[in-house]
1. What are the aspartates and glutamates whose alpha-carbon lies under 20 Å from the alpha-carbon of residue 224, with same-chain residues fewer than 8 places away excluded?
2. So which aspartates and glutamates can residue 425 reach, going by Cα to Cα under 20 Å and dropping same-chain residues fewer than 8 places off?
3. Let me have the 222 nm mean residue ellipticity of the chain computed from DSSP H runs of 4+ only, each contributing -39500 (n - 2.57), with the sum over all residues rounded to the nearest 500.
4. Whole Å is fine, so just give me how far the alpha carbon centre of the stretch 388-451 lies from that of the stretch 13-90.
5. Do me a favour and compute the ellipsoid semi-axes for the chain from its Cα gyration tensor, root of five times each eigenvalue, largest one first, whole Å.
6. Considering only C-alpha atoms, what is the centroid distance from the stretch 765-819 to the stretch 679-701, in Å?
7. For the pairs 366/395; 553/751; 633/672, note any where the Cα-Cα span goes beyond 19 Å.
8. Given a 1.4 Å probe and heavy atoms of the protein chains only, how would you sort 553, 425, largest accessible area at the top?
Amino acid sequence: MPGLPAQADHPLTAEIAGSLLDTVDFGVAIYRPVDGAQDFEFVYLNPAARRIASVDLREVLGQPLTRVMRGAGTMGILEALRRVGESGIPESLPSLYYEDDLRAGWYRNDLYALAGGYVAAIFSDTSEQVHLRRAVDEERTRYHLLTSALDVGIWDYDLLTDRVYFSPSWKAQLGYRDDELENSFATFEAALAEEDREAVLAHLARFREHGEDHWEHTFHLRHKDGHYVPILARATPVCDHDGRVIRLLGVHVDLSETRALEDAVARLELSNRLVDLEIYEQAVASTQDQLAAVDKDLRYLMVNGAYADFFGCRRDELIGHRVEELFGGEALSSKVAPGLARCLQGETVSFEEWRQPAVGEPRCFKVVYTPLLDEGETFGVLASAHDVTTLQTVKAQLERIAHHDPLTGLPNRIQLDIILQRSLKQANRDGSQVAVMFIDLDRFKAINDSLGHAAGDEVLRQAASRLLGALRDSDSLARVGGDEFVAVLAGVRDPADLSQVASKLMDAVCRPFDLGGEQAQLSCSIGISLYPEDAGSADELLTNADTAMYEAKEQGRNDWRFYTAAMTAQAAEYLTLVENLRSALDGNGLDLVFHPEFDVATGEVVAIEALTRWDDPQLGNVPPEQFIAAAEKAGLVRQLDFQSLDSACAYLAAWQADGIAPPRLGMNVSPKTLNHADTPARIAAILRHHGLAPSLLELEVHEQALIQDPERTTQSMEALEALGVGLVVDGFGSGSLGLRYLQSLHVRTLKIDGSYLKDVSGPDGQRMARAMIALSQALGLDVVLSGVENVEQATFLQGEPGVHGQGYYLARPLPAGDVTAFLRGDAQMHRSGGAAG
């Protein structure tokens, strides 16, 4: 690897070392100190480093770190490099947030000293881990609040790390406060009764190897005062992609009361067919568990009060009657009758069942059928039913937390994947299609910025409810991002119907949102993809719908688009355009042309406007509207604006030194550049670098851009006006810019849209153009009419005093090399019958 310090004694050759660094997935960069270690320049980056940092190796090697990553100094990376280079002691920097025009995210660096003062950095993009850690912290807080409020004990066992969480109620079952027991598996093992230890641990081990639907075991745990508490433990497994159990989420139920009852029942003299039934009934009357005894003919011999009350009967009304008189239909045939039949064969049977009481909501019971024996012969069944509704509710809550969005209650991305996989399998079976609609709320960020996050959350809740109401009961809706939703429509027979569905969804979102006194108006963009026509998998289906959604946004928002293969091709073309533009910006591959503005009456040059042009070796001559739009979307537009401005100011300084400079230099800037907080300081620095007065510079902003964020635009233009820079509204009259707002913007010049010159050959067109000129002059502003394309338009302007003009008829945009001759007077404004410059 050229540029690295030699290490002759190393057992690996440079070629082998280079091959190793090419294959690793973490970034490796090597720096060399320059300027007395005031900066460090890149001498090597492996492929992973170039991918993580989004840089081209040819443009980075030999470049100072502060030029490639402008925030390196403020992040402390430079200082850390100096310390490691001087001390030779490695350092690990925590994840730090970094943002510029090219990249934004969290990055971790480990620094190591090399021979000759070189320093190596091993780094990685930790953005996903940072965001995930924050999400996990939020879920952990909700989980702790939930478990603290329950009577049953909650536990969470990570089988991979051996870490265990015990809820405060779990510890309270053993007589401890939350801070008195450590959350560890060792705590559980220490509390296990010796006689249960081997069976419980063996059961866990088997479950880890052969995971089932749930894990259940009963055992005893030592109480703080020394006695042992009988526990029923139940858990739901969490599996990885290979189906391996990696985690158990479960509950502990204190069986002390139930065991006491079971012990009492076991001590009864059942051998004489419960002849002492009155004593038995007294023993079980106080329990809340339901108890009943039936004979071989399934007639009730005994029921306790809890059993009879549940079904709305008196106890004496049930004695002697058959079980099927109380349990009818499906309840009898599915579990009760088969379970009783097995129990009469000598088997203890248990199951869970939801039962409808005489009054109230259904309850879930753990039912146990135990054979009643007389000298070894089964003569009946003892049935006990323990209410486990709370346990089932907790289990359902835990399941919901894992698979649903807490804000809207909709399925999250995990549950969406399950829904998609199920829908695709069904489509394969019945030959139907599955549609995915990727829905994005347009300009939702403005709600958060203007009304606050609480209002934004309320919009999301209302939007989720509206979208769900616009779908069929058989359809599904998930929230997959901040303002992104996905609808899954299974059983699609005619794709033409999907346009109607998309229209209903858009209508639902477009209705005003009531936010407690405030109202917000939104729209949405929708992308639609079909299985199996557009995609062969759930991931591909989602990706294609997402691509189609962005196409809808590109076409103006508030619309829907069906996915086409051409969209993927367009996405690839866009990526090529952005990569080539980034290379052009880094390699000074852009050019400037200069378009003069004239006092049409005198022919004098009053200003010259700098325009950026790009002739790419691969793509050819790229239209400005195409590469500027790509720069806006890719976050490169501020780099494009400032690089073009710096180059234009260099030309202006050279013309000024020759004594031929035009009175003003005009330069178009994007709204993102105009409204950025550091724009005035950066413009001042460029002007200072080239020795130019701020009054020589005019920044041109299109009228349409000024109405996107009026408050911020006003602040930005006030700061630029205070600097002394002139401000020009381009395309004036093409939009709906209010005059009061215009007066507040500190504008120097209005450049009237060229459409007002198109019809000046007739009286109506002339009156309209003069009205715009009069309006502008009444505001005390300089006036320029753009788009002067013919002699009639030029002649009209010559009769309008104080009005300047710009257009291809007067002079075409000039390459930088031709401007000097033009300014020296070798060429002039095109007049009627004259020569064009």
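1. 151, 178, 179, 180, 182, 189, 194, 195, 196, 254, 257
2. Partners within reach: 242, 417, 473, 475, 494, 533, 534, 539, 540.
3. Details: 32 runs with 342 residues, N = 837.
Value at 222 nm, helices only: -12500 deg cm²/dmol.
4. Between the Cα centre of the stretch 388-451 and that of the stretch 13-90, the gap is 43 Å.
5. Details: eigenvalues 1147, 259, 104 Å².
Result for the chain: semi-axes of 76, 36, 23 Å.
6. First find each Cα centre; the distance between them is then 26 Å.
7. From 366/395; 553/751; 633/672, over 19 Å: 553/751.
8. Largest accessible area first, the list is 425, 553.
The values are calculated or read from the model by the stated rules, or taken from the named source; none is laboratory data. A quick note: this is a predicted structure, and the numbers were derived from the prediction, not measured. Neighbour counts run over all protein chains shown; Cβ positions are idealised from the backbone, glycine included. For accessibility, only protein heavy atoms count, side chains too; no ligands or nucleic acids. Shrake-Rupley method; radii C 1.70, N 1.55, O 1.52, S 1.80 Å.
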